[in-house]
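Enquirer: My structure is below; once you've seen it, I'll send some questions.
Every read-out reported here was derived from the displayed coordinates using simple, explicitly stated rules and does not represent laboratory data. Predicted model, so just to flag it, every value in this text is computed and none were measured. We place every Cβ from the backbone using ideal geometry, glycine too, and count neighbours over all the protein chains shown.
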Ligand code: GLU
């Protein structure tokens, strides 16, 4: 099987060392295996995605010496694919519209006023199911759409540890309602979600291996469920430790001091970046 890897940044801020680690790892893996390395621009959020950041990330990756084998795929061009998947899930009764704000959810959960700590899923507090009563008729376009995860888990076939996840992630579908809950699959403001787009595009690009930070462990559990529901192939996943600064803090995009462009401006070269990352 030819190895196909990808780097899938969101153009919402500067790339930092953590991104460089993910990009270089995926790139080198493909090159070592004689496979292909692809770039995908995850720009589904029109408010936060900016052409400036897109241009900057291409410049940073090029400076790092990375090359990709096809023109970058842009998620903003792929709405028709996401809509088709949502229509499919809607027609199978697996989605429902939701108007709850985060505050509504916290109130429905009775926390934090009563000192109850909320069960946290990958996207925030596990949704208590307040809107889980699906109206008949066409899919509404102006509301969030949530996945009825209990119904989805009943439709899935896997209970075993998924290949490529061994020892890392519990994939037993019965556990999903408590630990993940009814996640939003389409946000009302941009009509899809990271989770839905990423699985559809990994499949469309024929990605065989995904390397991502350990912070996405739980997201990967959602992704393997969606792959099962939508009959998509499952890549092999590897989760790496998060890249931290000298004080042990996780690097975030807003941590401008660590942007790759800053290192470059200070005279560092791509080999210095690789050395800093232990690559
Ligand atoms: N756009 C996501 C990010 O920048 C991609 C993560 C992934 O699926 O590997 O975090």
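Enquirer: Give me Rg over Rh for the stretch 1-111, both radii from the alpha carbons and Rh done the Kirkwood way, two decimal places.
Expert: Result for the stretch 1-111 is an Rg/Rh of 1.10.
Enquirer: Still on this structure: Would you mind checking the tilt of helix 17-32 against the longest principal axis of the Cα atoms of the chain, expressed as 0 to 90 degrees and rounded to 10?
Expert: Tilt of helix 17-32: around 80 degrees.
Enquirer: Something else: Among 1, 276, 29, which comes first, second and so on when ranked by fewest other beta-carbon atoms within 10 Å?
Expert: Ranking 1, 276, 29 by Cβ neighbours within 10 Å, fewest first, gives 1, 276, 29.
Enquirer: Here's a follow-up. Which value in deg cm²/dmol, rounded to the nearest 500, describes the helix-derived mean residue ellipticity at 222 nm for the chain, given -39,500 (n - 2.57) per DSSP H run of n ≥ 4 and division by the residue count?
Expert: My calculation for the chain gives -10000 deg cm²/dmol from helical runs alone.
Enquirer: Further, regarding this structure: Tally the DSSP beta bridges in the chain and give the antiparallel ones as a percent, rounded to 5.
Expert: Given both bridge residues lie in the chain, the antiparallel proportion sits at roughly 50 percent.
Enquirer: Sticking with this one: Give the Kirkwood hydrodynamic radius (Å, one decimal) of the stretch 191-251, defined as one over the mean of 1/r across all pairs of different Cα atoms.
Expert: Averaging 1/r across every pair of different Cα atoms and inverting gives 12.6 Å.
Enquirer: Can you give me the three principal axis dimensions of the chain from its C-alpha atoms, in Å, biggest first?
Expert: For the chain, the Cα spread along each principal axis is 58, 46, 38 Å.
Enquirer: Going highest first, how would you order 231-239, 195-203, 262-270 by mean Cβ packing within 10 Å?
Expert: Packing proxy ranking, top to bottom: 195-203, 231-239, 262-270.
Enquirer: Exposure proxy check: 175, 60, 45 ranked by fewest other beta carbons within 10 Å?
Expert: Listing 175, 60, 45 from fewest to most nearby Cβ atoms yields 175, 45, 60.
Enquirer: Something else about it: Jot down the radius of gyration and Dmax of the stretch 50-156, Cα atoms only, both in angstrom.
Expert: 19.5, 54
Enquirer: Sort 76, 101, 193 by Cβ crowding within 10 Å, fewest neighbours at the top.
Expert: 101, 76, 193
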